[in-house]
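Peer 1: What follows is a single structure, and I will ask about it in a moment.
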Amino acid sequence: MGIPNGSEVLRAAYARQPFLLAPMAGVTDAAYRIMCRRRGAQLAYSEMVSVAGLAYASDKTWRLVLPADEEEQICIQLFGSKPEQFAAAVEAVQERVGDKLSLIDINMACPARKVITKGEGSALMEDPVRAERIVAAAVERAHVPVTVKMRTAFREGGTRAPELARRLADAGAAAIAVHGRTARQLYTGRADWSVIDEVARAVEVPVIGSGDVFCAEDAVRMLQDTAASAVFVARGTYGNPWVFDDARALAQEGTAVPQRLWPERLDALREHLILVHRHLPFMARARTFATWYLKGMPHAAAWRGRVVRCTSFEEFMELTDAIEADMRACDEALALDRPLPDIAVGS
Ligand SMILES: Cc1cc2nc3c(=O)[nH]c(=O)nc-3n(C[C@H](O)[C@H](O)[C@H](O)COP(=O)(O)O)c2cc1C
């Protein structure tokens with residue numbers, strides 16, 4: 001079936017807000033997405049989900065895929081290697097997610113060994129015929145746009161993104177996202193934005209650029225320096241969910257990006273902890289992002305050491321109170337030009 005004007009729908013959405021929360025396995029759960037949505041991320045992606053796994057998924061697995069009540073929309077990213085499994089997964093996702101589903105994205109970018117050894121993720125860049133069949137099978141069942149996320153190539157000398165993007169757009173992909181590294185590079189070296197530009201000029205459908213967007217300024221620069229219609233912010237959201245509103249204000253009004261001082265960062269951390277407590281079955285996930293909010297604060301390294309030992313919601317919240325007391329003491333010392341105090345609260 002597919003939807004004939006999927007590219008136009010997406011192009012209009014990107015024109016309203018071109019800065020998108022990228023899919024990140026182990027990171028972009030409901031709590032993370034809500035933090036970013038509340039600060040301007042409109043289209044937000046799930047963590048990648050296996051099409052093979054979805055067939056037997058428990059309610060606990062679905063909980064990682066489905067949007068929370070307060071989320072108005074979601075983009076779901078699928079990975080796998082079998083066209084018929086993609087077709088079945090598209091139907092299952094549409095049935096479960098319903099009207100909140102904005103699009104289904106197919107992962108042809110993941111470089112993880114356990115994924116590529118099964119011919120999934122970025123390995124599909126080396127098998128363009130299979131990649132086309134997967135897109136066609138998904139599009140046939142979908143009543144939302146189907147998009148693809150890829151790398152610049154699997155390896156130097158392999159099928160390049162501009163060629164594959166053209167073929168997949170012909171097979172029905174409504175947009176193409178490009179991470180400006182080869183799969184072999186993993187996350188090393190610098191992302192090559194010139195390939196993103198090349199893909200955007202090679203296809204009629206809108207292109208989303210990804211790679212080394214670490215702040216609002218980078219996000220705006222990618223839009224200016226390439227022909228991409230939208231930009232994925234991935235690691236640049238760590239401890240900085242404000243990046244979406246900041247990038248939009250910078251792009252549209254030229255507003256300088258504000259500095260986020262500790263009171264705002266600590267409030268955001270508490271808000272995020274409450275969201276995890278409310279929406280997720282596991283609190284330990286908070287250890288990772290909690291440390292991101294502390295970056296740049298006095299005593300950050302010492303507090304990080306305590307964060308990673310927290311297990312319950314109550315422990316995390318008590319810790320934020322202790323950090324706040326410490327930040328106030330540090331502010332006072334700085335105002336009086338005295339050395340920073342030792343951390344006030346024992347371990
Ligand atoms: C922890 C982590 C998990 C990721 N998981 C996914 C994923 O599930 N699907 C995907 O397409 N990309 C995934 N990515 C790649 C990002 O979406 C993005 O393309 C990449 O990080 C490059 O952007 P950046 O340099 O601005 O971080 C992941 C990246 C990170 C850091």
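Peer 1: For region 169-223, enumerate the residues that are within 14 Å of the ligand (Cβ to nearest atom) and among the hydroxyl-bearing types (Ser, Thr, Tyr).
Peer 2: Once the filter is applied, which keeps residues that are within 14 Å of the ligand (Cβ to nearest atom) and among the hydroxyl-bearing types (Ser, Thr, Tyr), region 169-223 yields THR182, TYR187, THR188, SER210.
Peer 1: Out of all the residues in region 244-266, which are open to solvent by 10 Å² or more (accessible area, probe 1.4 Å) and assigned to a helix (DSSP H, G or I)?
Peer 2: ASP245, ASP246, ARG248, ALA249, LEU250, ALA251, GLN252, GLU253, TRP262, PRO263, GLU264, ARG265
Peer 1: Give the residues of region 44-57 that are surrounded by fewer than 22 Cβ atoms within 10 Å (Cβ to Cβ) and in contact with a Ser or Thr (Cβ under 7 Å, 6 or more places away or on another chain), sorted by residue number.
Peer 2: If the condition is that a residue be surrounded by fewer than 22 Cβ atoms within 10 Å (Cβ to Cβ) and in contact with a Ser or Thr (Cβ under 7 Å, 6 or more places away or on another chain), then GLU47, GLY53 are the ones that fit.
Peer 1: Looking at (1) modelled with pLDDT under 85; (2) surrounded by 22 or more Cβ atoms within 10 Å (Cβ to Cβ), can you tell me which one LYS60 breaks?
Peer 2: Here LYS60 meets the rest and fails (2).
Peer 1: State whether one or more residues within region 19-36 are away from the ligand (no atom under 12 Å from the Cβ) and surrounded by fewer than 20 Cβ atoms within 10 Å (Cβ to Cβ).
Peer 2: Within region 19-36, not a single residue is away from the ligand (no atom under 12 Å from the Cβ) and surrounded by fewer than 20 Cβ atoms within 10 Å (Cβ to Cβ).
Peer 1: On the basis of being open to solvent by less than 40 Å² (accessible area, probe 1.4 Å) and without any contact (Cβ under 8 Å) to a residue 60 or more places away in the chain, does VAL203 make the cut?
Peer 2: Yes; evaluated as a whole, the condition is true for this residue.
Peer 1: Scan region 267-320 for residues that are crowded, with 16+ Cβ neighbours inside 10 Å, within 26 Å of TRP62 (Cβ to Cβ) and of a type in the set (Lys, Arg) and jot them down.
Peer 2: Matches in region 267-320: ARG285 only.
Peer 1: Which one is farthest from LEU20 (Cα to Cα) among residues in region 224-243 that are open to solvent by 10 Å² or more (accessible area, probe 1.4 Å) and near the ligand (Cβ under 9 Å from one of its atoms)?
Peer 2: Looking at the filtered set, the residue picked out is TYR238.
Peer 1: Kindly indicate whether any position in region 321-331 is in a loop (DSSP other than H, G, I, E, B) and surrounded by fewer than 20 Cβ atoms within 10 Å (Cβ to Cβ).
Peer 2: no
Peer 1: Another question about this same structure. Tally time: how many residues in region 140-193 are hydroxyl-bearing (Ser, Thr, Tyr) and in contact (Cβ under 8 Å) with a residue 12 or more places away in the chain?
Peer 2: Of the residues in region 140-193, 4 are hydroxyl-bearing (Ser, Thr, Tyr) and in contact (Cβ under 8 Å) with a residue 12 or more places away in the chain.
The values are calculated or read from the model by the stated rules, or taken from the named source; none is laboratory data. What you see is a predicted model; the values in this text were computed from it and never measured. Using ideal geometry, Cβ is built from the backbone for each residue, glycine included, and neighbour counts are taken over all protein chains shown. Note: accessible area is taken over every heavy atom of the protein model, side chains too, but ligands, DNA and RNA are not part of it. Shrake-Rupley method; radii C 1.70, N 1.55, O 1.52, S 1.80 Å.
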